[in-house]
Amino acid sequence: MAFLTTVWAASATTTAASTPPLCRWQALSGQQQAGVTQGDSTFDRDAAALREAVHSSRATLAALLESPTTPDAEILAQVDRVGAAENQLQRRVVEHVLRIRHHLTADQQRQLMGLCAGGLRGEGPGRGMGGMGRGPGPHGPGYGGGRGGGRN
């Protein structure tokens, strides 16, 4: 569901002195890194808040499911809230990709868009891109590690 949200999971915790995961994975030049960072300056903050909303809504759903007295309607309403939170995060990640792609070379764009497209098809590490939050992937933390938007 969250097809590539964890590709940038670590970027929301990246400090100014460190290199964001996308910049390391794509081996971006200094000029490209500056363009990517400035091209969507609120992404880190936005993504962190949206990821927290996803985790919180999932935790609430888990608690409702564990309670034998929770009404069905309440569980189903929470499922809708989880889906809405995941959709907001997914949309923000796609907006980020679209805002920064013009800072990439044609080959880098093909790689990034291929990663996104493959994630939609369920390709990639783990159980598709949604499973990327389960452990370190081939591109290091932020591409497979951390608490990203993977299915739990």
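The values are calculated or read from the model by the stated rules, or taken from the named source; none is laboratory data. Note that the structure is a prediction, hence the values are computed from the model and not measured. Here the Cβ positions follow ideal geometry from the backbone for every residue, glycine too, while neighbour counts run over all protein chains shown.
For region 20-54, a residue qualifies if it is in contact (Cβ under 8 Å) with a residue 40 or more places away in the chain, under 15 Å from GLU86 (Cβ atoms) and either hydrophobic (A, V, I, L, M, F, W, C) or surrounded by fewer than 17 Cβ atoms within 10 Å (Cβ to Cβ) (or both), and the qualifying residues are ALA47, LEU50, VAL54. The set of residues from region 66-105 being touching a Ser or Thr at 6+ places or on another chain (Cβ under 6 Å) and closer than 24 Å to SER29 by Cα comprises just one member, VAL93. For region 56-71, state whether one or more residues are of a type outside the set (Phe, Trp, Tyr) and closer than 22 Å to GLY119 by Cα. Scanning region 56-71, I find at least one residue that is of a type outside the set (Phe, Trp, Tyr) and closer than 22 Å to GLY119 by Cα, so the answer is yes. When you go through (1) assigned to a loop (DSSP other than H, G, I, E, B); (2) at pLDDT 95 or above; (3) surrounded by 17 or more Cβ atoms within 10 Å (Cβ to Cβ) one by one for VAL82, which number turns out not to apply? If we test VAL82 against (1) assigned to a loop (DSSP other than H, G, I, E, B); (2) at pLDDT 95 or above; (3) surrounded by 17 or more Cβ atoms within 10 Å (Cβ to Cβ), just (1) comes out false.
Per-residue answers, yes or no, for (1) in contact (Cβ under 8 Å) with a residue 60 or more places away in the chain; (2) among the small types (Gly, Ala, Ser); (3) surrounded by fewer than 14 Cβ atoms within 10 Å (Cβ to Cβ):
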site	(1), (2), (3)
THR69	no, no, yes
LEU89	yes, no, no
HIS96	yes, no, no
HIS103	yes, no, no
ASP107	no, no, yes
LEU112	yes, no, no
GLY118	no, yes, no
